[in-house]
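Derivation of every value follows stated rules applied to the coordinates shown; laboratory data play no part. Keep in mind that this is a model prediction, so the values were computed, not measured. Cβ: placed from backbone, ideal geometry, glycine included. Neighbour counts: every protein chain shown.
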Amino acid sequence: MDIVALLTSAGINIAVCVVIFSLYSILRKQPSNVNVYFARRLASQYSRQVDFWLERFVPSPGWILKAWETSENEILAIGGLDAVVFVRIVVFSIRVFSITGVICTVLVLPVNYYGKDRLHKHIPLESLDVFTIENVEEGSKWLWAHCLALYIITLAACTLLYFEYKSITKLRLLHITGSPPSLSHFTILVRSIPWSISESYCDTVNKFFSQYHASTYLSHQMIYKCGKVQKLKDGAEHMCKVLKDSSENSCKPGVVPCCCLGNSTDSFKMVSNEMGSIHERTCYTDIDTRKREFPAAFVFFKSRYAALMAAQTLQTSNPMLWATDMAPEPHDVHWSNIRVPYRQIWIRKMATFSATIAFMLVFIVPVGLVQGLTQLEKLQKMFPFLAGVLKNQYVRRVVTGYLPSVILVLFLCFVPPLMMLFSTVEGPISRSGRKKSACWKVLYFTIWNVFFINVLTGSLISQLSVFSSLKELPATLAKAVPAQGTFFTTYILSSGWASLGFELLQVCPLLYNLFQRFLLRVKDDTLNGITFPYHTEVPRLLLFGFLGFTCSILAPLMLPFLLIYFFLAYLVYRNQIINVYITKYDSGGQYWPIAHNATVCSLLFAQLIALGVFGLKRSTVSAGFIAPLLIVTILFHQYCRKRFLPVFRSNSAQILIDLDKKDEQCGRMEEIYEQLRSAYKQPMPHAPSPSECSSPLEDKGIAGTSEDIEKGVVIKQTRPGPIHRTLSPALDISVLGGNQVSDPACTLNKNIPDVPDPVHEHLIKDGL
């Protein structure tokens, strides 16, 4: 591929982005699309009036300015800590690849271009291989420039990673201490409760925790069988009971026989009435409660520390009984997975792991076929009838520079939904945990197929020959990665730039909204608000970071396109967080450890591939300097794991005890106990699900356009919006550097004197 083919691909993607961005700026102003592009603000009850109607049909950059001006504290209040972490990942990528781009452009790119004594063509006609490390002669003394650049990149990345990890760890601790009291801190989930003939599960739970946790046990909430199968079973039992009672009543003396003409009998009236109302009442009305109990329960404790100790302690000598975990937030509970038998979980995890591996191997076939398009010589040999078509220079540029990456992107669109399905089958008890599990799966899948399969194969046949000799895998990677740098550049253009445009446009919600309004003639804003798709967007960012690090010194021409992508992503995703996505649950920044681990692995792969390239180029000095770099990177990773990762895995006893003391002094404990009674209320099948009940878009009285929402004028609504995990002003003060944190909830008892806040004192003493 030459520079002209790359510029052709870039031009096509730039044109697509300009068209989509302009279309978005027009569609977002239309009144009928307010529930698509302003779902989050619509839920927050904001609106305004349109000043000039022609403004709605003219593209404008107003959304860019709004996204740029929004502060991190506003992002924190709107989208929670997960949104802040996501934006921090983008900012980290911008910083590290700005440094990488400058170093590689100044130091590495000239060395690659003049690496061999050859007659250079006019730059637009040059092959892209001239700008890679393949153009450097073996044994060249200039390879030290690549080694030095790799040292600078690694040092910059590790430094930025450390400070980001430290900052996000502090935000997580402030998230715990500065937020309103979290009911999940007082609650544990108990599964695999042993069955007893003499008593129900409810009595067993009460007896066990009253005996072994007598001083801290508060109460519990049983989990009941209420799936679709159970609903049908209970309905059938209730109908049988109604028919049985009616048949007994029909045999009483004095009742008109059923065969008589005229008015219907009393028994018939009773049967029809009972059968007609069977779906209007709860399906558990006349059924033994014990039959409906599931061997799982939410158990509430009098303090946070007691709940933490109960969750982390082995309750009996048999670890398969009385299994305990910290409960998720009430609105984060995945109720269908709560009812999964505990003994099935490890089987489900093994099955989904095997299915994921199988799908990764099956996906090799389309990836290998796509790679065949990048090598026209092989393509013409396989399909001779294409030789005439491929003689056209423009067609050749489109086929080699644009078509392969687009086809690969289309294939990858099926991956996130399938990985989300696998993660659901695994049985996580929280929705945020399910999304985090899907995030890991999508990340592994995309790195394996987009990077390794593409660099190891130019076609399906050559791919099979590669895997037949695994001993030559390092050398094969060292040869193939520089050659595939051009494909990765076009992939960033197609999957990166264009994907941001489609993210803005919200194609599926927009089509659904148009279908509902103009075909079904439904004028209500009934489109449910959606949460941020972290399981698709976080792996996308980390994949591009992986490609940037591994190809930085091998094919540095990729870096400007990658940097443009991250700048656009910064604006687009901030706009989506502000306007579109609704925060229903928050994992507390659990995506940053994923980003940290993926970045360190990217650095290690870049160093290993550079070591192999230096070996092939017979530069022993440069290869020798890579070994210490590998060791230092691994040591840095282990230090971060010991220093910061435990904060993300569990809450510290010190902070929880201090919070308990502060709540007792403020008189909030009784209020918290009262909230626990109704917090974990299990949705029943006869009633709408919580997501349907809390949808912010079902109000029929909302009037306003997207332009109305932009100004921020409050309008009335008849129903509250979705559940938000908002933070108290104490967190904002702490983030801005305030030393003293006040808790407004302590105003519940204004006669209590001011008490020192030991929680934030500990954070300062710990160096956070």
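Once the gyration tensor of the Cα atoms in the range 552-634 is diagonalised, the equivalent ellipsoid follows with semi-axes of 37, 18, 7 Å, ordered largest first. When peptides 560-566, 19-25 are sorted by average Cβ neighbour count within 10 Å, with the highest value leading, the order is 560-566, 19-25.
Remark on the range 139-213: Rg and Dmax equal 27.3, 83 Å (Cα only).
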